[in-house]
Amino acid sequence: MNWFYIDESILEGDRRQGPVTFEDLQLLHSKKQINESTLVWHKGLDNWITWKEALDAELSNHSEEDERMLRETVEAILKERIEEFHKKSFAGFFVRAGALIIDWFILAIIWEAGVHVLDWLNLMDFNAIVEASNAFIEKYSADPMSANLSEEFMTIPGMKDLFLIWFILQTLYFVGFNGFLSATPGKFLLHLKIERSDGSKLKFSGALIRYIFSLFTQATLVFYGIGYIIAAIDPKKRALHDFFARTQVVHVRKRSSDSDEKSDLKKD
């Protein structure tokens, strides 16, 4: 936009100067060649206005424009987040339970293989543990109401070692897979993954925190598994440890591009 201004230093003749840009006027003002009362004008204005009025109007326009752009940006981000939330499919109680059963089955195989290796290396007498366990079961069958059964079970020779091995394997299994891949093999098979509540990727530290809280959820099994059952009523299908660790389990959706490629291959 071309601006004109009145050069008050000219005493005779045409004092109108220009055309100049708005930035030129700002430079002239900084050099004190014009002041706030200097008259300026551009095509579209009915009358000449002072430089101060022109500057205030320009700043007001910029402020309104910046505010509008900020508002539109925020609205676009919120709209994108809302659309992403509605597209996200949270994994429910039963599919998560299925993934956990698969993981426990895999863990049981690894655990048993590890125990047999230790037995083969003469680091553990697995047969003696089995015999002692059978004797305990016979005693339990004869007197199931005995108050000391749980204490006696843990005093079976080698039983604490078996539980320790299970705990170590379970820790490495869940923290390792969830920390590096955001899903255990059970979740992979059922197309699930773990993410943070804001949708970001689960990191190793987050997986460790989630596992620690999951031990509390496992402890609720003696209370009818309430720590897992709440996933059936929560809108985001979160279990107890998800609340504490601020995580969620979602279905993994294949990209539309992948499906497009498959459809193209079928056409070919």
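Filter the stretch 168-207 down to the residues that are among the charged types (D, E, K, R) and in a strand (DSSP E or B), then identify the one that is nearest to residue 107 (Cα to Cα). Across the stretch 168-207, the extreme among qualifying residues is 193.
Would you point out which residue out of 210, 253 is over 30 Å from residue 134 (Cβ atoms), of a type in the set (D, E, K, R) and either in a helix (DSSP H, G or I) or free of Cβ contacts under 8 Å to residues at least 24 places away in the same chain (or both)?
Exactly one residue qualifies, and that residue is 210.
Across the stretch 15-70, what is the number of residues that are in contact (Cβ under 8 Å) with a residue 40 or more places away in the chain, assigned to a loop (DSSP other than H, G, I, E, B) and either within 11 Å of residue 1 (Cβ to Cβ) or in contact with a Cys (Cβ under 8 Å, 6 or more places away or on another chain) (or both)? Within the stretch 15-70, residues that are in contact (Cβ under 8 Å) with a residue 40 or more places away in the chain, assigned to a loop (DSSP other than H, G, I, E, B) and either within 11 Å of residue 1 (Cβ to Cβ) or in contact with a Cys (Cβ under 8 Å, 6 or more places away or on another chain) (or both) number 1.
Where a number appears in this text, it was derived from the coordinates with a stated rule and is not lab data. Small disclaimer: the values here were computed from a predicted structure and weren't measured. Please note: Cβ atoms are built from the backbone with ideal geometry, for glycine as well, and neighbour counts cover all protein chains shown.
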